[in-house]
Amino acid sequence: MKKTKWLALLICSFIFLILIIFTFVSNPIEDNQTNKENEPQKEEMENDEQPREEQESEEKETEPEDSPEAEGTVSEELREVFSGVIDSARNLFVRDNLEVVAMGDSLTQGVGDGTENGGYVGLIEDNINDNDETANFTIDNFGKKGDRTDQLLTRMESEEISSSVEEADLVLITIGANNVVQVIEDNFTSLSYDDFSPARENYREELDEILTRVESANPDASIYLIGLYNPFNQYFDNIPALSQIMNEWNNVSEEVVEDHSNASFIPIEDVFENNESELLWEEDHFHPNEEGYKQMAERVLEYIRDEIEE
């Protein structure tokens, strides 16, 4: 009982932060719309004072029609800054007709990537294609923000994902972080360390089912499960229970992977540890930013390079 109460008190501030974060992440559009509706009309009035013709003229001067940078300027600038060569992609020439599938949660989707280029998946594609002009290499990306293991299992039943898995030479998966978040949300008023145990075992069973389905659909495909990292170290380094929980989730992932001969585990916790302020998205301090995804892509390529190269 003392341990339970201690953990509940210590983790209270963490609960509030993560709820705020995920409220923001899950409803960014609605929040922005609400803020715009509540903003004073000062800016709109100031724009009204300027004749519409002058406004249109200024917009044209800022973004010339003939300029190739008129569209997507921000994304192009960010790509130039953050898409630099990944060391693991140097001198990498992929084998012909290589089929790769990525599926899972927001880390596969690339949430937090300001270039809107698909996070670590997009970086791997770009770097391989830049290094090997004949590659024409693509990855089928089935990442979806918020997915837990049970939700990924449901989506795997779709024709689009199942057919892609059947043709894949290699499958990349990120999953599990939202399972942890669900425990916190479901036990908000009385959260304890013990609440994570049954959820962790459910995660074990569902992760095993995910890998089993991939193997059944495609016995020749190599499967790589990318591990979890703890995004809250910078705020709650004095609460060892948080690190312990994430470590236990990673341990379960490794144990499940060991039961599947075609599966491998790619750890990334050490990539982010003590580097959270540099590698996490400033909007939510939870998802990686461009540099964070670059480090992820570097780690993933280190593990899969021998398998995908010519």
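Bear in mind that the values in this text are calculations on the coordinates, not laboratory data. Because the structure is predicted, anything quoted here is derived from the model rather than measured. Quick reminder, even Gly has a Cβ in these numbers, built from the backbone with ideal geometry, and neighbours come from all protein chains shown.
Our coupling estimate for region 177-192, obtained by passing each phi through the Karplus curve with A = 6.51, B = -1.76, C = 1.60 and θ = phi - 60°, is 4, 6, 5, 5, 4, 4, 4, 5, 5, 6, 10, 4, 7, 9, 5, 9 Hz, Gly and Pro reported as x.
Highest-first packing order for the peptide set 289-299, 152-162, 195-205, 102-112 is 102-112, 289-299, 195-205, 152-162, based on the mean count of other beta carbon atoms within 10 Å.
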